[in-house]
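The values are calculated or read from the model by the stated rules, or taken from the named source; none is laboratory data. If you're wondering where the values come from, they're calculated on a predicted model, not measured in any experiment. FYI the Cβ positions are ideal-geometry reconstructions off the backbone, even for glycines, and counts take in every protein chain you see. Heads up: the accessible areas ignore ligands, DNA and RNA and are worked out on the full protein's heavy atoms, side chains in. Shrake-Rupley method; radii C 1.70, N 1.55, O 1.52, S 1.80 Å.
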Amino acid sequence: MSVLSGISWLQEGPFALYRWGDLFEDIPLFMEAFIYTIGISICALIFAFLLGTFLGISSSSRSKVLSIFTRIYVELFQNTPLLIQIFFVYYGLPMVGIVLDTYIIGIICVGLYHAAYIAEVIRSGIGSVAKGQMEAALSQGFSFWESMWLIVLPQAFRIMLPALTNQVVNLIKNTSAIAIISGADIMFTANSWSSMNLHYVPAFAFAAFLYFLLCFPLTQLSVRLEEKNKKAYTR
């Protein structure tokens, strides 16, 4: 009975071999989605890193206006779901005459969302550098921003790198949220393809595998960087 049930399981049911065969026939469709996801991840990461760095430095400045603005931004984006932010841009902007491509919306929303987290990483990294470094730079005639870019941030970068790598992983996974507005990413492709043929298990299993290919190497990199930092501080 067990052999017969095993054969039946391979012929019918959610794990049936013919479902996987159909998936492999449409691999190019998933590869397009894979490239789309990589593209949107890279663009959103650049945007998030630039904005997050500015916010992180601003939160460490003596300007109360910049500090308050940064705090409001970070709390707002960290304490509201990414999906709501996407809906707000996707449905809200057209009401004021601004219509953006789904790809651009994904970059903006994912970038703004993760800029809040990167800002906190940057702020923490800056705080780990001895205050004397900033004071020495200022005494040499450097401005606050010059001191940050040329003196403080290069020293803090090694400390921040593991946490920044984790943010890259989270950003890649969060690009799946744009599937809700029909962005042609991995998640949307898996959902739309499987809804036509009911091959849900192969579709989402393969989608998970593609995300794993993107995220696992970065996760391992983060672990190694963290271990390297621990060894450096224990010497």
Provide, for q = 0.21 Å⁻¹, the log10 of I(q)/I(0) from a solvent-free Debye sum over equal Cα point scatterers in region 1-133. -1.18
Normalised by the residues of the chain, what does the relative contact order come to in percent, with Cα pairs under 8 Å and at least six apart? 25
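Can you work out the FRET efficiency for the pair Val96 and Val65, with r the C-beta to C-beta distance and R0 = 22 Å, to the nearest 0.05?
Numbers: r = 27 Å, r/R0 = 1.21.
Computed FRET efficiency for Val96 and Val65: 0.25.
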Between Gln133 and Ile42, what FRET efficiency follows from the Cβ-Cβ distance if R0 is 22 Å, with the result rounded to 0.05? 0.10
Translational D (Stokes-Einstein, µm²/s) of region 57-167 at 37 °C and 0.692 mPa s when Rh comes from the Kirkwood sum over C-alpha pairs? 207
Run the helix sum for the chain: -39,500 (n - 2.57) per DSSP H stretch of 4+ residues, divided by residue count, reported at 222 nm to the nearest 500 deg cm²/dmol. -26500 deg cm²/dmol
What lysines does Lys228 reach when the alpha-carbon gap must be under 27 Å and sequence neighbours fewer than 8 apart in one chain are set aside? Lys131, Lys173
Grab the Cα-Cα distance for Leu83 and Gln220, subtract it from 0.36 nm times how many residues apart they are, and report the gain in nm with one decimal. 46.5 nm
Toward the positive end of the charge dipole of region 10-124, about the Cα centre and with charges on Cβ (Lys, Arg +1; Asp, Glu -1), which of Met31, Ile46, Ile122 goes farthest? Ile122
With each pseudo-label sitting 7 Å past Cα toward Cβ, what's the Tyr18-Leu213 distance in nm, one decimal? 2.7
On average, how much accessible surface per residue is there in the chain, in Å², for a 1.4 Å probe, leaving out ligands, DNA and RNA? 57
Explain nothing, just compute: Karplus ³J(HN,Hα) = 6.51 cos²θ - 1.76 cosθ + 1.60, θ = phi - 60°, for every residue of region 115-131 in order, whole Hz, x for Gly and Pro. 4, 5, 6, 5, 4, 5, 5, 5, 4, 5, x, 4, x, 7, 8, 4, 4
Sticking to Cα atoms, compute the Rg of the chain to one decimal and its Dmax as the biggest Cα-Cα distance, whole number, in Å. 22.6, 84
Report the local net charge at His199: Lys and Arg +1, Asp and Glu -1, summed over other residues whose C-beta lies under 12 Å from its C-beta. -2
Here, region 175-235 modelled as identical Cα point scatterers in vacuum has Debye log10 I(q)/I(0) at q = 0.21 Å⁻¹ of -0.80
Tell me, what % of the accessible area of the chain is carbon and sulfur with a 1.4 angstrom probe? 69
Pairs of alpha-carbon atoms within less than 8 angstrom and 6+ residues apart define the contacts here; what relative contact order does region 121-235 have, in percent? 26
